[in-house]
Structure formats: structure tokens, C-alpha cells
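The values are calculated or read from the model by the stated rules, or taken from the named source; none is laboratory data. On a predicted model such as this, the values are computed, not experimentally measured, just so you know. We place every Cβ from the backbone using ideal geometry, glycine too, and count neighbours over all the protein chains shown. Ligands, DNA and RNA are stripped out before the accessible areas are found, and what is left, the full protein with its side chains, is counted by its heavy atoms. Shrake-Rupley method; radii C 1.70, N 1.55, O 1.52, S 1.80 Å.
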Amino acid sequence: DVMVLPAHNRPYRELRTRVTDLRDHHAERLEITHDACATPATGRDVMKALFTRELDAFQTRFAIGETVAHINNLLHKGELTRDLDEAGRFRYAQTM
């Protein structure tokens, strides 16, 4: 029953619940990322699948970071491939 003092928002308890929530959220975001690559997709395509609302410049920077992290995770696991298209953009595609 430890108290968590986050960098933002209010302190809270129930750390185990929070960790479970974060794991579930991460798994959901990986699934969306994977699904977005059913046909070859750019990082921007994947970002738009993950973030369907309009983002300002500040939010876009965080969204890009999260998108790249999920793509890299799936690349590392061998669940995505990365190729350069004729325009010099990386395209990501499912391997399964």
C-alpha cells in the first residue's frame, strides 16, 4: 500500500493496479500499431491510427515518441519489417 508520487497529477496508492493498467494499455497500443501495418504503413500512418483526435504541436511530439517506441518494440520482436519505399520513406509491415 505504497504511496506513489508521480511527476504529474495527484499522489495515489494501489501501485499494482496502476502497473496492470499500464501493461494493458501498452498491449492495446501494440495491437493497434500491429494492425495499422496490415498493409505497408509509414510512421505517420501508424501515429494516426494510435491518435485519432486532432493533436497540437506539443502533443504531436509526444505522439511521435510513443509511435516510434511501439514500432521499435514490434520490430525488435520480429512482428514488423521495415523497408524504404521509392520516395525514401520507411514503411512498416506485419510479418505474421
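What to note about this one:
- Evaluating CYS37 against the criteria (1) at positive phi; (2) in contact with a strand residue (DSSP E or B) (Cβ under 7 Å, 6 or more places away or on another chain) leaves one unmet condition, (1).
- Selection status of LYS77, at pLDDT 95 or above and surrounded by fewer than 12 Cβ atoms within 10 Å (Cβ to Cβ): yes
- Yes/no for VAL4 being among the β-branched types (Val, Ile, Thr), open to solvent by less than 70 Å² (accessible area, probe 1.4 Å) and more than 30 Å from ASP85 (Cβ to Cβ): yes
- Hey, THR39 of a type in the set (Val, Ile, Thr), exposed (fewer than 12 other Cβ atoms within 10 Å of the Cβ) and over 15 Å from the mean Cα position of the chain (by Cα) or not: yes
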